[in-house]
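A.B. asks: Right, I'll just put the structure down here and ask away after.
The values are calculated or read from the model by the stated rules, or taken from the named source; none is laboratory data. In this text the structure is predicted, and so the values were computed from the model without any measurement. FYI the Cβ positions are ideal-geometry reconstructions off the backbone, even for glycines, and counts take in every protein chain you see. For the accessible areas, the whole protein counts, side chains as well, though only heavy atoms, and no ligand, DNA or RNA atoms are used. Shrake-Rupley method; radii C 1.70, N 1.55, O 1.52, S 1.80 Å.
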Amino acid sequence: MTLPERLWGALRLDPSTVAARARFYRAYAELEEPPFDVRDLAELMRDRPPPRGSGPRVINLIGKEAGAVGQSLREIQRPRAGKPWVRLAEAADALRNAAVAELLLDVQTGRGTLLEASRGYSELGLPFGDFLAVAATGDRERSISAAELLGVLLSDSQITDTGRHGSAALATPAQQRYLLLTAAPDATDLWPRLAEAPQAHQTAAVGATSQPFSTWWRLGGLLSRLDADADADGIRRELTRIIAELSEAHGRQLQLAAADDHHWSTGRAQTDLIDLDLAGAVAISARILRQREIRPWRFESDFPKLSPLASISLQIGLQLGDDAPPSDDYLGAHTSAW
């Protein structure tokens, strides 16, 4: 399943350009870590400057001097200057970018890459990793764990370390938002506290489209409250309004980015072609509606006024929510980044 033809027309991008973007980020994620980096070279020049001449000069790192420089670095054998989590974060970000491109071409392939990226972010202790996994497959175990952690966060209790960054990551609005969206399918008992939490009134801009934090917090709260025994139709209408609002924000961002025809047409625009936060939230909402036997989303009737560009992340989210996991063969073939 891929993006509908009319939305490809609105994007004005050749699928081959999008495929090339996916390959680039995939290749970057799978690069072997170099034995030394720029900071190592800088320290070498400080501690063991070149013997010739008395003033500054250019050192050819791909010519005859490369071997001598490499030997000097090996002799020093100093610890790597970079933090151990840097390469892991770089690979996770690259896989996330690859997934954004792949989802436009084939949702199953993109789903698998989202799971790969989620492993890296989860190892870093970031709730974003669990969010990607729940968005991609509806992982119930992660939702339950996130709901337990969300309950602790709302109670102002001490949060024990959840990874390399742990509680420090949960202090940021962006990661709290991911925690809430991940927990939403299993946070029904928390919704009264969610509405009263200080986060419900925060206006900090978050996400790819810099929308108010409170908007995302309300979206997650409504998802947690969605139940067949409650005012399901009223909650569903409010969810429709918020999703449309977030979709239009991303559509405007795409429209502005496309005005730079050179970078846009070559696939080098810095704007995310898919708002993964929105697509993931829509996927989670689609599963909640289905599991609780509430009227499912119907794009034509629920979102009739959305512009084509504003529809892209929403359409991808609806396809992700269909729950067709990637094959074991695919996942086994794409685990080298870790």
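A.B. asks: Consider Ala183 carefully, then state whether it is hydrophobic (A, V, I, L, M, F, W, C), part of a loop (DSSP other than H, G, I, E, B) and either in contact with a His (Cβ under 7 Å, 6 or more places away or on another chain) or in contact (Cβ under 8 Å) with a residue 12 or more places away in the chain (or both).
C.D. replies: no
A.B. asks: Hey, among the residues in segment 139-173 that are in contact with a helix residue (DSSP H, G or I) (Cβ under 8 Å, 6 or more places away or on another chain) and β-branched (Val, Ile, Thr), which one's modelled with the highest pLDDT?
C.D. replies: That would be Ile144.
A.B. asks: Specify which of the listed residues (Gly234, Gly220) is at pLDDT 95 or above and either part of a loop (DSSP other than H, G, I, E, B) or over 24 Å from Leu254 (Cα atoms) (or both).
C.D. replies: Of the residues listed, the single one that is at pLDDT 95 or above and either part of a loop (DSSP other than H, G, I, E, B) or over 24 Å from Leu254 (Cα atoms) (or both) is Gly220.
A.B. asks: Which of the residues belonging to segment 110-143 are assigned to a helix (DSSP H, G or I), under 22 Å from Asp322 (Cβ atoms) and over 13 Å from the mean Cα position of the chain (by Cα)?
C.D. replies: Gly112, Thr137, Arg140, Glu141, Arg142, Ser143
A.B. asks: OK, next. Any chance you could count how many residues in segment 269-288 are touching a Lys or Arg at 6+ places or on another chain (Cβ under 8 Å) and either β-branched (Val, Ile, Thr) or modelled with pLDDT under 95 (or both)?
C.D. replies: So the answer is 0.
A.B. asks: If you go through segment 17-43 one residue at a time, how many are open to solvent by less than 70 Å² (accessible area, probe 1.4 Å) and either at pLDDT 80 or above or touching a strand residue (DSSP E or B) at 6+ places or on another chain (Cβ under 8 Å) (or both)?
C.D. replies: Number satisfying all stated conditions: 10.
A.B. asks: Could you list all residues from segment 230-261 that are in contact with a Lys or Arg (Cβ under 8 Å, 6 or more places away or on another chain) and farther than 22 Å from Ser301 by Cα?
C.D. replies: The answer is Ala258, and nothing else.
A.B. asks: Is it the case, given these coordinates, that Ala259 is within 29 Å of Val18 (Cβ to Cβ) and touching a residue at least 12 places away in the same chain (Cβ under 8 Å)?
C.D. replies: No, not satisfied.
A.B. asks: A further question follows. Can you find a residue that is touching a residue at least 40 places away in the same chain (Cβ under 8 Å) and either among the acidic types (Asp, Glu) or open to solvent by 50 Å² or more (accessible area, probe 1.4 Å) (or both) anywhere in segment 209-222?
C.D. replies: Going residue by residue through segment 209-222, those that are touching a residue at least 40 places away in the same chain (Cβ under 8 Å) are 209, 213, 216-217, 219-221.
When the remaining residues are screened for being either among the acidic types (Asp, Glu) or open to solvent by 50 Å² or more (accessible area, probe 1.4 Å) (or both), the result is none.
Within segment 209-222, none of the residues are touching a residue at least 40 places away in the same chain (Cβ under 8 Å) and either among the acidic types (Asp, Glu) or open to solvent by 50 Å² or more (accessible area, probe 1.4 Å) (or both).
A.B. asks: May I ask you to list the residues in segment 192-217 that are touching an Asp or Glu at 6+ places or on another chain (Cβ under 8 Å) and assigned to a loop (DSSP other than H, G, I, E, B)?
C.D. replies: Once the filter is applied, which keeps residues that are touching an Asp or Glu at 6+ places or on another chain (Cβ under 8 Å) and assigned to a loop (DSSP other than H, G, I, E, B), segment 192-217 yields Gly207, Ala208, Thr209.
A.B. asks: How many residues does segment 1-16 hold that are in a loop (DSSP other than H, G, I, E, B) and either open to solvent by 60 Å² or more (accessible area, probe 1.4 Å) or of a type outside the set (A, V, I, L, M) (or both)?
C.D. replies: Within segment 1-16, residues that are in a loop (DSSP other than H, G, I, E, B) and either open to solvent by 60 Å² or more (accessible area, probe 1.4 Å) or of a type outside the set (A, V, I, L, M) (or both) number 5.
A.B. asks: Something else now. Do we have Arg237 as open to solvent by 20 Å² or more (accessible area, probe 1.4 Å), closer than 27 Å to Arg287 by Cα and either touching a strand residue (DSSP E or B) at 6+ places or on another chain (Cβ under 8 Å) or basic (Lys, Arg) (or both) here? Outline the logic, then answer.
C.D. replies: Values: open to solvent by 20 Å² or more (accessible area, probe 1.4 Å): yes; closer than 27 Å to Arg287 by Cα: yes; either touching a strand residue (DSSP E or B) at 6+ places or on another chain (Cβ under 8 Å) or basic (Lys, Arg) (or both): yes.
Spelling it out, Arg237 is indeed open to solvent by 20 Å² or more (accessible area, probe 1.4 Å), closer than 27 Å to Arg287 by Cα and either touching a strand residue (DSSP E or B) at 6+ places or on another chain (Cβ under 8 Å) or basic (Lys, Arg) (or both).
A.B. asks: Could you list all residues from segment 240-270 that are of a type in the set (S, T, N, Q) and surrounded by fewer than 18 Cβ atoms within 10 Å (Cβ to Cβ)?
C.D. replies: Filtering segment 240-270 for residues of a type in the set (S, T, N, Q) gives 240, 247, 253, 255, 265-266, 270.
Scanning segment 240-270 gives Thr240, Gln255, Ser265, Thr266, Gln270.
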